[in-house]
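Written below as structure tokens is the structure these notes are about.
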Amino acid sequence: CEYFVAMKGTRDMIKRTNPDLSYALLKRLAESIATTTEQTISEAQPLLSAQIPSPTHEGLYFRIQFVRDPAVTTGSIALSIRKPSVLSLPYSAYESILNAVEPFNAISSKDQELLDLYESRQFHSFLHKAVAYEKNIIISAQTGAGKTTLFNSLIHDAIPLGERLITIEDAKELRPPHENTLQLYYSRGGQGKAKVTAQTLMEACLRLYPKRILLGE
């Protein structure tokens with residue numbers, strides 16, 4: 001089993017492996033936490049969000065998110081554990097951070113660069129930069145126009161390999177080369193075993209520490 005650890009104060013994640021973290025062990029752990037919190041996790045209900053008490057700090061809780069198959073690849077379970085911060089800062093510590101916030105209606109240097117590329121019709125560079133600058137993007141076109149092919153090209157060429165990605169699809173079409181990728185699945189029209197939708201998976205993503213969320217067709 002492989003897992004990634006986020007370092008304190010950064011979004012960097014380090015890969016670790018542990019052969020003892022088997023599917024059977026994680027499944028038992030999920031079922032135990034579900035029982036303790038009076039919830040359910042199963043093929044029909046593959047999502048579990050819960051809190052468990054910190055063993056070292058009274059009154060603090062670890063936030064847990066499980067996703068089991070078929071909402072993930074068969075024979076696997078995704079688990080996110082978010083450790084509560086015990087750090088307490090005075091409001092004055094935020095002064096430099098808050099003073100650096102740009103006005104809501106201001107145009108940043110990156111936005112200006114994108115505007116210049118768009119207005120000069122350099123659409124190839126514009127799209128690549130928009131992905132690199134983490135803009136929200138919708139790819140829309142008629143059936144067979146190559147939307148997924150373009151999407152995969154941008155994933156491969158414009159997103160740094162060290163980023164954590166989460167994909168949401170009803171069919172496996174996206175192929176990120178990124179090592180730290182979690183692929184989530186739902187059944188269109190609710191025809192599958194798992195009673196999850198793109199929306200419920202999107203909500204689960206917010207507890208799975210993504211750098212980017214990639215929503216397929």
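Given the residues Thr197, Thr167, which is the only one that is within 20 Å of Thr73 (Cβ to Cβ) and at pLDDT 95 or above? Step by step, each of Thr197, Thr167 is checked, and only Thr167 is within 20 Å of Thr73 (Cβ to Cβ) and at pLDDT 95 or above. Name the single residue, out of those in segment 94-128 being among the hydrophobic types (A, V, I, L, M, F, W, C) and loosely packed, with under 10 Cβ neighbours inside 10 Å, that is modelled with the highest pLDDT. This residue is Leu98. In the set Val101, Val67, Val131, which member is over 30 Å from Ile33 (Cβ atoms), in contact (Cβ under 8 Å) with a residue 24 or more places away in the chain and β-branched (Val, Ile, Thr)? Just one listed residue meets the conditions, Val131. Among the residues making up segment 163-217, those that are of a type outside the set (A, V, I, L, M, F, W, C), under 16 Å from Ile137 (Cβ atoms) and either in a loop (DSSP other than H, G, I, E, B) or in contact with a Cys (Cβ under 8 Å, 6 or more places away or on another chain) (or both) are Glu163, Pro176, Pro210, Lys211, Gly216, Glu217. Is at least one residue of segment 136-147 touching a Phe, Trp or Tyr at 6+ places or on another chain (Cβ under 7 Å) and more than 26 Å from Pro177 (Cα to Cα)? No, because not a single residue in segment 136-147 is touching a Phe, Trp or Tyr at 6+ places or on another chain (Cβ under 7 Å) and more than 26 Å from Pro177 (Cα to Cα).
The condition of being within 17 Å of Arg68 (Cα to Cα) and without any contact (Cβ under 8 Å) to a residue 24 or more places away in the chain does not hold for Glu169. A single entry from Ala130, Ala141 fulfils the requirement of being within 17 Å of Leu215 (Cα to Cα), within 28 Å of the chain's Cα centre (by Cα) and assigned to a loop (DSSP other than H, G, I, E, B): Ala141. A single member of Pro84, Pro55, Pro90 is in contact (Cβ under 8 Å) with a residue 24 or more places away in the chain and surrounded by fewer than 14 Cβ atoms within 10 Å (Cβ to Cβ), and it is Pro84. Scanning segment 188-200 for residues that are surrounded by 15 or more Cβ atoms within 10 Å (Cβ to Cβ) and either within 10 Å of the chain's Cα centre (by Cα) or polar (S, T, N, Q) (or both) turns up Thr197, Thr200. The test for being of a type outside the set (Lys, Arg) and without any contact (Cβ under 8 Å) to a residue 24 or more places away in the chain does not hold for Ala78. Only one of the numbered conditions (1) in contact with a helix residue (DSSP H, G or I) (Cβ under 8 Å, 6 or more places away or on another chain); (2) under 23 Å from Ile14 (Cα atoms); (3) surrounded by fewer than 12 Cβ atoms within 10 Å (Cβ to Cβ) is not met by Ala141, and that is (2).
Within segment 85-100, is even one residue over 25 Å from Thr181 (Cβ atoms) and touching a Pro at 6+ places or on another chain (Cβ under 7 Å)? No, there is no match, as no residue in segment 85-100 is over 25 Å from Thr181 (Cβ atoms) and touching a Pro at 6+ places or on another chain (Cβ under 7 Å). Being out of contact with any strand residue (DSSP E or B) (no Cβ under 8 Å at 6 or more places or on another chain) and surrounded by fewer than 16 Cβ atoms within 10 Å (Cβ to Cβ) is the filter; apply it to segment 172-187 and report the residue that is nearest to Lys211 (Cα to Cα). Only one residue fits best here, namely Pro177.
Checking Gln65, Gln39, Gln51 one by one, the residue that is of a type outside the set (Lys, Arg), in a strand (DSSP E or B) and more than 19 Å from Leu182 (Cβ to Cβ) is Gln51 and no other.
The values are calculated or read from the model by the stated rules, or taken from the named source; none is laboratory data. Everything numeric in this text was worked out from a predicted model, so none of it was measured. Reconstructed Cβ throughout: ideal geometry from the backbone, glycine too, with neighbour counts over all protein chains shown.
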